Amino acid sequence: MNYTSETLHFQVPLTAQAYHFARQLSSKQQDSDKSRQIYLNTLAVYAVNFYCQYLEVETDLEHSDSWNSLSHLLSDVADLEIIGVGKLECRPVLPEAKTVKIPPEVWTSRIGYVVVEINEISKTATLLGFVKEVTTEELSLSDLQSLTDLIDNLQPVAEVSPNPSVIEQAVVHLGQWLQNLFTLDWQSPDLVLSPAYRSAIRPKIQEPNSQEVSVSRAKVIDLGIQLASHKVALVIQLTTQTSGSVDIRLRVYPTGDGIYLPQGLQLIVLSSDGAVISDNQARVADNWMQLELEEGRTGDEFQVKLALEDVSIIENFIL
């Protein structure tokens, strides 16, 4: 490992473990170009994770999308989860490269972008620099900022803030659910809900020869330790109609040993421009609540907001 204060590049040795991870994730792809992309992405993420450990910055590698083989089917991701901060994108380049490609699907929900040179001859990865935002698929390496700028952006956000806390999640492509493609954070409701609620969200029995398709997925939403670690399950059920539209049902349930939803919990559906489409609020002793959206069409965008006191979680969706 070499750390040069003059250029502030950081070189990481690519160990047998690094290559093992890269081969493991890339070998599941049939397309050779896609496999090569995942291979290099994995080495870049490994190197940035090594750098963060050197700085004693906490990461969550296993829960990063780049460490999830299913996520690679859906997009070109090379993210590293920085605990308490957000996702850092780690983009690989080969020696002598002048530019780096950054796909549009990672232009949002990132705290920044680190460029990593992968040298397979010397078996090293060198962190070249950092940018906080991108708006183009091709970035010149000459535009990279110093790694000292990256260090400043790896500090956790203060826990106490006078402003409301709003956490916005990456876009979920619901159309892929109808093709049985899901990311790991959206699970079968049977794995998330207590037995008392499972039957309520099972798809209805279809008539013979029916063209309708129904699919449900659930995600645990954590409303924060400052609110006594309130966790609820957001359940989304899609049902296709013979007209070609899709009906969307949203439900929120308590999780774990909870019996009731937190009083005052709000379930709000917003349009892509932030206008309220529909909303509901948990009362005393409510054990679930629901909203429905009918006749959705491919390309429709909306947000689902769960809010309690000054904490809000926003999930973004496109059909």
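Listed values, structure above:
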| read-out | value |
| --- | --- |
| Pick from segment 289-319, criterion farther than 18 Å from residue 238 by Cα and among the hydrophobic types (A, V, I, L, M, F, W, C), ranking: farthest from the chain's Cα centre (by Cα) | 308 |
| Candidates 47, 97, 125, filtered to the one that is over 17 Å from residue 153 (Cβ atoms), in contact with a strand residue (DSSP E or B) (Cβ under 9 Å, 6 or more places away or on another chain), in the same structural domain as residue 144 (by TED's automatic domain parsing) and assigned to a strand (DSSP E or B) | 125 |
| Number of positions in segment 275-291 that are among the hydrophobic types (A, V, I, L, M, F, W, C), free of Cβ contacts under 8 Å to residues at least 40 places away in the same chain and either closer than 16 Å to residue 262 by Cβ or not assigned by TED's automatic domain parsing to the domain that holds residue 235 (or both) | 4 |
| Tally, over segment 171-189, of residues that are surrounded by 13 or more Cβ atoms within 10 Å (Cβ to Cβ) and over 18 Å from the mean Cα position of the chain (by Cα) | 2 |
| Answer residue from segment 267-298, given it is under 20 Å from residue 182 (Cβ atoms) and not aliphatic (A, V, I, L, M) and is surrounded by the most Cβ atoms within 10 Å (Cβ to Cβ) among those | 296 |
| First in segment 167-181 and assigned by TED's automatic domain parsing to the domain that holds residue 217, second anywhere and surrounded by fewer than 15 Cβ atoms within 10 Å (Cβ to Cβ) and among the polar types (S, T, N, Q), Cβ under 8 Å, 6 or more apart | 170/108; 171/108; 175/298 |
| Elements of type strands (runs of 3 or more DSSP E) in segment 234-319, at least 3 residues being touching a Ser or Thr at 6+ places or on another chain (Cβ under 9 Å) | 246-254, 266-271, 289-296, 301-308, 311-318 |
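Results for (1) out of contact with any His (no Cβ under 7 Å at 6 or more places or on another chain); (2) of a type in the set (Phe, Trp, Tyr); (3) at pLDDT below 70, shown as yes or no for each residue.
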| position | (1), (2), (3) |
| --- | --- |
| 171 | yes, no, no |
| 174 | yes, no, no |
| 179 | yes, no, no |
| 197 | yes, yes, yes |
| 201 | yes, no, yes |
| 206 | yes, no, yes |
| 238 | yes, no, no |
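The values are calculated or read from the model by the stated rules, or taken from the named source; none is laboratory data. As the structure is a computational prediction, the values presented were derived from the model and not from experiment. All Cβ positions, glycine included, derive from the backbone under ideal geometry; neighbour counts span all protein chains shown.
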